[in-house]
Amino acid sequence: MTRIVVIGGGSAGTGAATNAIQFDRSLDVTLITEFEDIAYSPCGIPYVFGRDIKKFDGLFLQPLEFYSEMGINLKTETVVEVIDMDKRAVYTTNGEEYPFDKLILCTGWEYEIPNLANVDLEGIIFIKNIRRAMEIDGRLDNVKQAVVWQAKPLGVELIEALPHRDIETHLVDSGSWLMSEFADADMMELLQNHLVNDLGVKMHFGTDLMGFSGEDGKLTSVQTSDGDIDADMAFLVAPMKPSTKLAKSIGIKTGSTGAIIVDNHMKTNVDEVYAAGACVETMHGLLDIPVNLIQGTYAYTQGRLAGVNVAGGDESYSPVYVPWALGSKVQVGGALISETLAKATGMPYIIGKAIGITAARYHPSVEPMHVKLLADPKSKKLIGGQLAGGEGVKERADFLAFAIRKETTLIELATMENVYSPPIGALVEPIAAAAKNALANI
């Protein structure tokens, strides 16, 4: 009987373990996680905070018993301390030994804790574990003011959620607009205006986090380069780094992103050791460079593929084109490359913009849909796009990523077919309109 050990119980680890045993029921599969639970959606936590989702129960895919009944040897609240490749075994902090023939590392990511005064005060929050999120949720009813540090995707979700709990919400970010590391200012404006004007979020752009003040061990204010902000709670969306300590201890190579290098079968350079999820880097299909971005989008797919291949399958993982989207009432999204990244990398581009609608102009569900496309000046092939507006951003972002993958041109987009149906589709598709405008500007 072949013994498979999976380290990590997030989306990648759960996907690896379940797909391995489904592919070959004769396998002996052990999944080890340091946390109390597996197979839940941490991405849903802000939406429970904001009461879009009523309870945390909905974030769990299945109860733990489901995986045990499937035949997985599940070890929760168990920390792997050592991997011994000579003995082919992993050892936990409580002295347990788990032999393996093949190993899958799904060790995820960890926060880079900022080196700031009083960062250990009660009320300073790093969101990761759902059990801790449940405890935080119970305290939010008593929070009057909160600060969110950094306008990364999680930070944006938090500043949209917290006002729904009647919490005065402040965003502190050193950039000049939301998600300024990869998104464009003009395409974030619609969401930014909604957060400020409709939800009352106070934006502090161009502002550095300096430290924290407290009384009796509890947070009272957040210190910034623009002055102090009174706060009962501060959510720190700190940089996330791949968790690679165990991998490095057995000679696994990491790349320029700091994450584990894997081939298209999720194999590492160490024989019979695979890796998947936030701890690995992935090739960007257009830039042909490794990236470690938006881990939730790729974790399950990579884990599933690692599980199938470790069990004897032969599936390949393709380079990525990074579709992304977020937002509730006002949605934003796209497929990288953005104009911000094109400028940073020196990539030539032309732009086409359009403001369309999501439904027939007379239908009560109609909402605006802003589209911005980037294309190569010579070939006219699509290289990126962004969207902002109402329903349909996610689906269009997925479409744009696939269109980039298939080397679709502006002419093909300008002449694309589209559904016309009053509740869900306008006569003119906004993407087609943006492509026509790009061609007209050449």
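Numerical summary
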{"quantity": "Pick from the range 358-379, criterion out of contact with any strand residue (DSSP E or B) (no Cβ under 6 Å at 6 or more places or on another chain) and aliphatic (A, V, I, L, M), ranking: farthest from Glu395 (Cα to Cα)", "calculated": "Ala360"}
{"quantity": "Subset of the range 385-401 [assigned to a helix (DSSP H, G or I) and either acidic (Asp, Glu) or without any contact (Cβ under 8 Å) to a residue 40 or more places away in the chain (or both)]", "calculated": "Glu395, Asp398, Phe399"}
{"quantity": "Hits in the range 196-221 (condition: in a helix (DSSP H, G or I) and in contact (Cβ under 8 Å) with a residue 40 or more places away in the chain)", "calculated": "Asp198"}
{"quantity": "Qualifying residue in the range 131-145 (condition: touching a Lys or Arg at 6+ places or on another chain (Cβ under 8 Å) and assigned to a helix (DSSP H, G or I))", "calculated": "yes"}
{"quantity": "Test for Ile159: is it surrounded by 16 or more Cβ atoms within 10 Å (Cβ to Cβ), under 27 Å from the mean Cα position of the chain (by Cα) and without any contact (Cβ under 8 Å) to a residue 60 or more places away in the chain", "calculated": "yes"}
{"quantity": "Residue check, Lys87 at pLDDT 95 or above and in contact with a Ser or Thr (Cβ under 7 Å, 6 or more places away or on another chain)", "calculated": "no"}
{"quantity": "Residue ID - farthest from Ile32 (Cα to Cα), chosen from residues in the range 101-130 that are part of a strand (DSSP E or B) and of a type in the set (D, E, K, R)", "calculated": "Glu122"}
{"quantity": "Any pair with Cβ under 8 angstrom, 6 or more apart, that starts in the range 323-335 at a residue that is not assigned by TED's automatic domain parsing to the domain that holds Asn193 and ends at one that is of a type in the set (Phe, Trp, Tyr) and assigned to a strand (DSSP E or B)", "calculated": "Gly333/Trp324; Gly334/Trp324; Ala335/Trp324"}
{"quantity": "Residue match in the range 21-34 (condition: under 30 Å from Leu154 (Cα atoms) and under 22 Å from the mean Cα position of the chain (by Cα))", "calculated": "yes"}
{"quantity": "Count of residues meeting criterion [touching a Ser or Thr at 6+ places or on another chain (Cβ under 8 Å) and acidic (Asp, Glu)] in the range 90-106", "calculated": "2"}
{"quantity": "Selection count where residues are among the small types (Gly, Ala, Ser) and over 14 Å from the mean Cα position of the chain (by Cα), scope the range 267-288", "calculated": "3"}
{"quantity": "Matching option when the condition is within 18 Å of the chain's Cα centre (by Cα) and of a type in the set (Ser, Thr, Tyr), among Ser243, Ser225, Ser249, Ser221", "calculated": "Ser243"}
{"quantity": "Considering residues of the range 335-384 that are outside any strand (DSSP E or B) and of a type in the set (Gly, Ala, Ser) only, the residue nearest to Ala414 (Cα to Cα)", "calculated": "Ser379"}
{"quantity": "The listed residue being among the β-branched types (Val, Ile, Thr) and within 30 Å of His265 (Cα to Cα), out of Val148, Val90", "calculated": "Val90"}
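The values are calculated or read from the model by the stated rules, or taken from the named source; none is laboratory data. Computed from a prediction, not measured in an experiment: that's the story for all the values here. For neighbour counting, all protein chains shown are included, and Cβ atoms are generated from backbone atoms with ideal geometry for every residue, glycine included.
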